[in-house]
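Below: one structure in C-alpha cells.
What follows draws every value from the coordinates through simple rules; no lab data is involved. It should be emphasised that the depicted structure is a prediction, and the values quoted were computed from it without experimental measurement. We place every Cβ from the backbone using ideal geometry, glycine too, and count neighbours over all the protein chains shown.
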Amino acid sequence: MSKLGNLGARLYRGEVGYDFVGKRKIWYGISILITITAIVGLAVRGLNMGIEFEGGAVFTTPKTSVSVAQAEKYAEEASGHDAVVQELGSGGLRIQVAGVDTAKSDQIKADLAKDMDLKPEVINADLVGPSWGEQISKKAWTGLIIFMVLVVIYLAIAFEWRMALAALIALIHDITITVGVYALVGFEVTQGTIIGLLTILGYSLYDTVVVFDSLKEQSKDLTKQTRWTYSEVANRSINSTLVRSINTTVVALLPVAGLLFIGGGFLGAGMLNDISLSLFVGLAAGAYSSIFIATPLVADLKETEPAMKALKKRVLAKRAAAVAKGESVEVENSARDEDDEPQDDLPEDAAPAGVVGPRTQPASRGRGRGRPSGKRR
C-alpha cells in the first residue's frame, strides 16, 4: 500500500488525526479575512464585464501579420476604449471594443483597416447589445437561487437543518471568494465565467456532503456514551474522509490548471481563462470550505443543543475524574463505562478524534478491551 493510502487507512480508523474542529477559530479568521479582501476588491475595482454584458462591437480580420499587441494598441487609439484582442486559428484577429454604437464602430473599422493595411470590406464588424448579457445574468441568478433552495431542502431532509445551513454558508463563501478573485485579477467576465461559477457549486457541495454523511453515521446514538463529544466525532469524520477529499480535488484541479496556466497563459488562448479561472478558484475554495468551514460550523450549531451540552459536560467530567485518579485517559475513553452505559456504534478501536500522537493508538484486541498494553487494572 502506498504511503498516502496507508495514511488514509490510519485516518479512517482514527489512529492518527488533526484537530480541524478544535482550531476552527483560526479557519474562521482566515475565511473572514479572505472574504473581506474579496468584497473590498469587488467594491473598489469592480468586475471587468465582457462585451456580452456591456454591449459593443466585434471586429474580425483575415490573416494578418499584425501582432495582438499592435492590434490592441490600434483599436484603443481608434475607439478611446479598452480593447480585447484574440488570435484566431486561421491567423486572423478578433477585436472586441465595449461601449460603442453603430456610427462609432464604422469609424473604428475604417481606422483599423488603415492602421493594419487592410481593405475595410475584409474586416467583419458585428454589434453586440447588452440585452443578451442581461438575460443571461437574470437566468443565472434565478438558477443559483433555485439551486440553493433545493440544496437546503434536500440537506435538511437527508441530514438536518444545521447541516443545510452550514452547507449554504459554505457555498456563499465559495462564490464570494471566486467573484472577488475575478475583481482583483481583472479577468473579463463572460458567459464562460457564469458557466464556471455554476459548475463549482456541485463540486463544493460534493465534498461537503461526503463529510456530512460520515458525520451522520458516526454520531448515531452519540448521547449514549461518554467517550467523545460531538465536536470530536465531527473532527473524526473530517479526518476519515480527508484523503478522499484531497484526491478528488487534486484530480479535478489538474486539468483545470492545464487550461488556465498552459492554455490561457502559455499558449495565449484567452477565451480559456474565462471558465478555467472560476473553476480553479472555486474548486480550491470548495475543498477548503468543506473541511475548514462547513463541518466546524455544524459542530458549533449542534453543541448549542441541551443534549450535546450535557454530553460534553459528562465527557469532560469523566476525563477530569480519570486524570485525578492518575488513570490513563485512553483507558477511560476506550473502556466500557463503569455504570454500564450502552456503548455507541463507533468502532471499538477508534481513538478520540482530534488527537495526534501516541494517545490515539487503540488498545490491542488480544489484551482485552479497555486495558492498555502491558497493564491490568
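What does the charge count near Leu283 come to, summing +1 for each Lys or Arg and -1 for each Asp or Glu among other residues with Cβ under 14 Å from its Cβ?
For residues surrounding Leu283, the net value is -2.
Among residues other than Phe187 whose Cβ falls under 12 Å from its Cβ, what is the net charge (Lys/Arg +1, Asp/Glu -1)?
Around Phe187, the charge tally is -1.
Still on this model: So what are the ³J(HN,Hα) numbers for the range 181-195, from phi and the Karplus equation (6.51, -1.76, 1.60; θ = phi - 60°), rounded to whole Hz, Gly and Pro as x?
5, 4, 5, 5, 6, x, 5, 6, 8, 10, 5, x, 5, 4, 4
Using modelled backbone amide H atoms (1.01 Å from N, in-plane), which distant-in-sequence or interchain residues come within less than 5 Å of Val189's amide H?
Asn48, Met49, Gly50
Given a cut-off of 26 Å, name the pairs among Lys104/Lys139; Lys25/Lys224; Lys220/Lys318; Lys25/Lys302; Lys23/Lys325 whose C-alpha atoms lie farther apart than that in the structure shown.
Lys104/Lys139; Lys25/Lys224; Lys23/Lys325
How large is the convex hull of the Cα atoms of the range 63-191 per residue, expressed in Å³ as a whole number?
130
Okay, next question. Extending each Cα 7 Å along its Cβ direction at Val323 and Glu305, get the distance between those two points in nm, one decimal.
Calculated label separation equals 2.7 nm.
Residue-wise, which Karplus ³J(HN,Hα) couplings in Hz belong to the range 233-248, taking 6.51 cos²θ - 1.76 cosθ + 1.60, θ = phi - 60°, and x for glycine or proline?
Each residue's phi maps through the Karplus curve to give 5, 4, 5, 4, 5, 4, 5, 5, 10, 5, 5, 4, 4, 5, 4, 5 Hz.
Take Tyr28 and Ala103, extend 7 Å from each Cα along the Cα→Cβ direction, and tell me the distance between the two endpoints in nm.
Roughly 5.9 nm, to one decimal.
Another one. Estimate the FRET efficiency between Ser67 and Lys119 by the formula 1/(1 + (r/R0)^6), using the beta-carbon distance for r and 30 Å for R0, to the nearest 0.05.
Values: r = 20 Å, r/R0 = 0.66.
For Ser67 and Lys119, the calculated efficiency is 0.90.
Now for a separate question. Please report the spacing between the Cα centers of the range 42-59 and the range 129-193 in Å, no decimals.
Cα centres, the range 42-59 to the range 129-193: 20 Å.
Run the numbers for Phe147 and Leu184: contour at 0.36 nm per residue of separation, minus the present Cα-Cα distance, in nm. Write out the running numbers ahead of the final one.
Numbers: separation 37, 0.36 × 37 = 13.32 nm, distance 2.68 nm.
Going from the current span to full extension adds 10.6 nm.
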